[in-house]
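Since every read-out is calculated from the coordinates, none of them should be taken as a lab result. This is a predicted model, so every value here is computed, not measured. Because the Cβ atoms are built from the backbone with ideal geometry, glycine has one as well, and the counts that use them run over all protein chains shown.
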Amino acid sequence: MRSYRGPAGGWYRHIINHPYAHMTGSGIDHRVLLEPADSSTREAVDDAYRTKYGRSGPAVAMISDAAAATTMRMTPADS
């Protein structure tokens, strides 16, 4: 997960101070912990964004150095 606006993104600034979030899908709510991802994941995450968005528009923003610097790892939070 990355911030489209890089470090200036509102959700990213919030998550840095409050790393727990709720992800909802298919009617199920999951509490998750968001932590900075290891920089070694950059290439794989960039490739995933290119696969999802192609090579224009959103992909360009999501694979920028600024956005890549905000890559977060999402894991289930302890209940």
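Regarding the stretch 18-38, can at least one residue be identified that is assigned to a helix (DSSP H, G or I), under 11 Å from M1 (Cα atoms) and among the aliphatic types (A, V, I, L, M)?
There is no residue in the stretch 18-38 that is assigned to a helix (DSSP H, G or I), under 11 Å from M1 (Cα atoms) and among the aliphatic types (A, V, I, L, M).
Can you go through T75, T51 and tell me which one is loosely packed, with under 14 Cβ neighbours inside 10 Å, not in a helix (DSSP H, G or I) and not hydrophobic (A, V, I, L, M, F, W, C)? So that I can check it myself, show each step before the final result.
Working: T51 fails: not in a helix (DSSP H, G or I).
Answer to the check: T75.
Is there a residue in the stretch 18-31 that is of a type in the set (D, E) and within 14 Å of the chain's Cα centre (by Cα)? Don't jump to the end; show me each part of the working.
Within the stretch 18-31, the subset of a type in the set (D, E) is 29.
Keeping just the survivors that are within 14 Å of the chain's Cα centre (by Cα) gives none.
Checked against the condition, which is being of a type in the set (D, E) and within 14 Å of the chain's Cα centre (by Cα), the stretch 18-31 yields no hits at all.
Quick one: T41 ticks every box in (1) among the β-branched types (V, I, T); (2) within 21 Å of I16 (Cα to Cα); (3) surrounded by fewer than 12 Cβ atoms within 10 Å (Cβ to Cβ) bar one, so which box is it?
With (1) among the β-branched types (V, I, T); (2) within 21 Å of I16 (Cα to Cα); (3) surrounded by fewer than 12 Cβ atoms within 10 Å (Cβ to Cβ) applied to T41, the lone miss is (3).
Answer yes if at least one residue in the stretch 57-72 is assigned to a strand (DSSP E or B), surrounded by 12 or more Cβ atoms within 10 Å (Cβ to Cβ) and not polar (S, T, N, Q), and no otherwise.
yes
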